[in-house]
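What follows is a set of notes on a single structure, which appears directly below.
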Amino acid sequence: MPPFDTLCGMGYPFDLTNGVPEGGVYSGTGITNGIFDPILAGIGTHSVTYTFTEANGCIAIATGEIVIDSNDIVASVSIVPEICAEGGITLVGSTYGGSGFYIYEWSNGYIGNPLQYADTGTYSVIVVDGSNCVSIIPDIVVNEDVACIEMPNSFTPNNDGTNDMWNLDFSSYSNGSIQVYSKWGNLVWESSGTMLSWDGTYNGQILPAGTYYYILDIDNGTLTQNGPVTIVK
């Protein structure tokens, strides 16, 4: 079994694939079904055993070590509710210690910082510094209490065939109910359903350009939010 590289910090689990011949079984601290989990293993030196059984029943065993060193990276993530029309939920990573620049690799596949438009669910992020040392932050929970629906915040009802309607898709919910008000507090549009469109008119007349304000209710109060929508001409 070829030697393992020393790990600087505890990152995501990875497959153990360096046993020869192929087809053997790995065992040791932090190993489950051939996958080594640095978080389960922890900082230190860990023995890895590779066991291969021949067709005639003979057994060969090889051992090696995986070393996980500590590092100076200290990372955290803040959950920041933004104005819903301007980004919804943002996960902002902050890091100090380590060396050089930092790369953020989020569990949804995004690489960068911050992570914008985060849906409800559980996230994790691995931070890699310029020396290839890593730190992982697991179990970042975005729940319904801070969730927002991403809403388009402008449209141009000028009949040019582009962005003429304010189109709203609530098809992942049972129902949506929305009211739109002018800056004077006058109700100019309301509707309900799962797929809604507004042409920017009130009583058949095109409304003037400007900012209006919506109140949204999803599934009878399950989620409510408000924000601006701008008619551009």
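Report, by chain and number, residues whose modeled amide H sits under 5 Å from the one on Ile206, excluding near sequence neighbours (fewer than 5 apart, same chain). Amide H neighbours of Ile206, under 5 Å, 5+ apart: none.
Using the Cβ-Cβ distance between Ala55 and Ser174 with R0 set to 41 Å, the FRET efficiency works out to roughly 0.10. Remark: relative contact order (the chain) = 14 percent; criterion is Cα-Cα distance under 8 angstrom and separation of 6 or more residues. With kT/(6 pi eta Rh) evaluated at 10 °C and eta = 1.306 mPa s, and Rh the Kirkwood radius from Cα pairs, the range 74-146 diffuses with a coefficient of 126 µm²/s according to Stokes-Einstein. Convex hull volume of the Cα atoms of the chain, normalised per residue: 195 Å³. Its Cα centre serving as origin, the range 154-231 has a Cβ charge dipole (Lys and Arg +1, Asp and Glu -1) of approximately 220 debye.
Sort 2-12, 217-227 by packing, meaning the average of other beta carbons within 10 Å per residue, with the highest value first. Walk me through the intermediate numbers first.
Details: 2-12: 16.0, 217-227: 14.1.
The packing order, highest mean first, is 2-12, 217-227.
Distance between the C-alpha centres of the range 177-199 and the range 96-144: 38 Å, rounded to the whole angstrom.
Using Cα-Cα distances under 8 Å and only pairs 6 or more residues apart, what relative contact order does the range 154-231 have, in percent? Don't skip to the end; give the middle numbers.
Details: 151 pairs, mean separation 24.1, N = 78.
Computed over the range 154-231, the figure is 31 percent.
Taking the fewest neighbouring Cβ atoms within 10 Å as the starting point, the ordered list for Met195, Met151, Met1 is Met195, Met1, Met151. With a Förster radius of 25 Å applied to the beta-carbon distance between Gln205 and Ser154, the computed FRET efficiency rounds to 0.80.
Here, each number is a calculation from the coordinates, and none is a lab measurement. Values in this document were obtained by computation on a predicted structure and should not be read as measured data. Quick reminder, even Gly has a Cβ in these numbers, built from the backbone with ideal geometry, and neighbours come from all protein chains shown.
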